[in-house]
Amino acid sequence: MFDIENVRADFPILGREIYGRRLIYLDNAATTQKPLRVIAKIREVYELYNSNIHRSVSRLAAMCTDEYENARKIVCEFINAKSTHEIVFTSGTTAAINLLAFAFGEKFVNRGDEIVVCESEHHSNIVPWKLMCERKNAVLKVLPFDDSGDLKTELLDTLLTERTRLLCVAQATNVLGTVNPLDEIVRKAHEKGVYVLVDGAQGIQHVKTDVNACDFDFYVFSGHKIYAPTGTGVLYGKEHLLEQLPPWQGGGDMVKNVSFAETSYSDLPFKFEAGTSNYAGAIGLGEALSYLIYIGMDKIHSYEKDLTSYALEKISSIPGITICGTSASKIGIASFFADGIHHADMGEILDKMSIAVRTGRMCAEPTVHHFGLTGLVRASWTFYNTKQEIDSFCEGIEKAKKILTN
Ligand code: PLP
């Protein structure tokens, strides 16, 4: 195990007070806090070598380009991709999925073809596919989950057909926290010749990720959910698939030659990185991953596992509180409702106790509707949270209940 106090000291925001009390940050599924190393790295870019990448001949530009391409190498190794050609920097998961929905749709999807998404997906892994299906006259099909939050994977045997082109599934879901059984899902999809996109927005920071060993065709994640700057993210794709996809956006850096008659595109991954990218952010993403490697991903995983069992047991034992999502395989998320209390009221009272949580539909309306609800309160923790914070959170829920039911 690591020294939790040392880890917490790496995240300056955790030491601040809100309403005169020490912040208890339990909204990590929305975004994570940033360690000093990442903050310092961003500062370093702007203080020491800021210059537009891949373009200028200056020493400064070469330094900045080297740092950016080094960040790509770090991402490549972190997810065990085969080559840096397979790592496309984007502004986040949403941008990566929209890129893929356009390019995959253009190349692989025809009228009457099918795309399968899961009922428990975030809107970012539903709406781009819906838009693409409308554009290509394709059919969007849904793999449902059961009341514990586990996908009904047995239905894949009939849901996947010879017309199915792609199956889109989260590594871990953002409301219920279920870690989906990707080995089984990928195997079933590949048996039918269906490609698989895995949305790692809630997975990469909590679950060991090896895109190569797991045979994912496409994998996406957001930097800001893994302790990196906002406006960063990654689309991973197997090289032979990315090679076949047309570019999404046109502009500088993604072309080899341009004339009014003909345009040739850059090699991978630059074909998909049009315009000046968020290079400072991407360099910060590389730094965040290096920081995690320094702490030790195995240590992080075992600390989080222990904290999650503790938290789920404590929260679910509070009378009148029901957690939605009781899968045996969960990341650190508890989305719950309190009998007779509106989720927004609960969230507001907790905030006044300096406890930050998320409330509402959490960009996953189909999931919330599955339980016949209009919203939930979501607490989400990570390796810098503590059992003491979970205790204070549970006391906060008890107090909020008293205030709101009196
Ligand atoms: N997918 C999942 C599972 C998420 O939880 C989120 C954000 O909460 C997204 C996609 C969208 O991520 P972003 O807003 O960083 O693009």
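Report the full-extension gain for the segment ASN110 to HIS369: residue separation times 0.36 nm, less the Cα-Cα distance, to one decimal in nm. Display every interim value, and only then the final one.
Details: separation 259, 0.36 × 259 = 93.24 nm, distance 3.10 nm.
Gain on extension, ASN110 to HIS369, equals 90.1 nm.
Values of log10 I(q)/I(0) for segment 262-331 across q = 0.26 Å⁻¹ run -1.13, by the Debye formula with one identical scatterer at each alpha carbon and no solvent. Please determine, in degrees from 0 to 90 and to the nearest 10, the orientation of helix 387-405 with respect to the longest principal axis defined by the Cα atoms of the chain, where the helix direction is its Cα long axis. Taking the Cα atoms of the chain, the angle to 387-405 is about 60 degrees. Exposed loop sites here are GluC sites (Glu not before Pro) assigned a DSSP state other than H, G, I, E or B and surrounded by at most 12 other beta carbons within 10 Å; excluding them, the longest clear run of the chain is 1-161.
Of the chymotrypsin sites (Phe, Trp or Tyr not before Pro) found in segment 215-293, those that fall in a DSSP loop while having at most 10 other beta-carbon atoms within 10 Å are PHE260.
Mean residue ellipticity at 222 nm from the helices of the chain, using -39,500 (n - 2.57) per DSSP H segment of n ≥ 4 over the full residue count, to the nearest 500 deg cm²/dmol? Present the calculation step by step, with values, prior to reporting the outcome.
On the way: 13 runs with 153 residues, N = 406.
Rounded to the nearest 500, the figure is -11500 deg cm²/dmol.
Once you reduce segment 140-187 and segment 320-353 to the center of their Cα atoms, the two points are 24 Å from each other.
With the charge dipole of segment 77-213 set up from +1 on Lys and Arg Cβ and -1 on Asp and Glu Cβ about the Cα centre, the Cα lying farthest toward the positive end among the listed residues TRP129, GLY105, THR84 is that of GLY105. Model label points for GLU313 and LYS82, set 7 angstrom from Cα along the Cα-to-Cβ axis, are 4.5 nm apart.
With r as the distance between the Cβ atoms of ASP147 and ASP391 and R0 = 22 Å, compute the FRET efficiency 1/(1 + (r/R0)^6) and round to 0.05.
Given R0 = 22 Å and the Cβ-Cβ separation, E is 0.15.
The angle between the Cα long axis of helix 343-352 and the longest principal axis of the Cα atoms of the chain comes to about 80 degrees, rounded to the nearest 10. For THR164, the residues whose modelled amide H falls within less than 5 Å of its own, excluding neighbours fewer than 5 places apart on the same chain, are GLU114. Across segment 168-229, the relative contact order, built from alpha-carbon pairs under 8 Å that are at least six residues apart, equals 35 percent.
The share of accessible area on segment 268-406 that comes from carbon and sulfur is 52 percent, using a 1.4 angstrom probe.
Direction-averaged projected area, Cα convex hull, segment 125-188: 4.7 nm², rounded to one decimal.
With both labels modelled 7 Å from their Cα along Cα-to-Cβ, the HIS123 to HIS240 distance reads 3.8 nm.
Averaged per residue, segment 39-294 has 40 square angstrom of accessible surface, using a 1.4 angstrom probe with ligands and nucleic acids left out. About its Cα centre, the dipole of the chain is roughly 620 debye, where the only charges are +1 on Lys and Arg Cβ and -1 on Asp and Glu Cβ. Which residues in segment 67-107 have a backbone N closer than 11 Å to a point placed 7 Å from the Cα of THR263 along the Cα-to-Cβ line? The answer is none.
Kindly list the residues of segment 43-57 that lie in the label zone of THR230, defined by a backbone N under 20 Å from the point 7 Å along the Cα-to-C-beta vector. Of the residues in segment 43-57, 43-46 have backbone N under 20 Å from the label point off THR230. Once the mean of 1/r is taken over each pair of separate Cα atoms and inverted, the chain shows a Kirkwood hydrodynamic radius of 22.2 Å. Helix 59-78 and the long axis of the chain differ in direction by around 60°, with both axes built from C-alpha atoms.
Distance between the modelled labels on SER51 and SER329, one decimal in nanometres: 4.8 nm (7 Å Cα→Cβ projection). Annotation for segment 1-103: trypsin sites (Lys or Arg not before Pro) lying in DSSP loop with at most 16 further Cβ atoms inside 10 Å of their Cβ are ARG16, ARG55, LYS82.
The values are calculated or read from the model by the stated rules, or taken from the named source; none is laboratory data. In this text the structure is predicted, and so the values were computed from the model without any measurement. Every residue, glycine among them, receives a Cβ derived from its backbone with ideal geometry; neighbour counts consider all protein chains shown. Remember, those area values only see protein heavy atoms, side chains included, never the ligands or the DNA or RNA. Shrake-Rupley method; radii C 1.70, N 1.55, O 1.52, S 1.80 Å.
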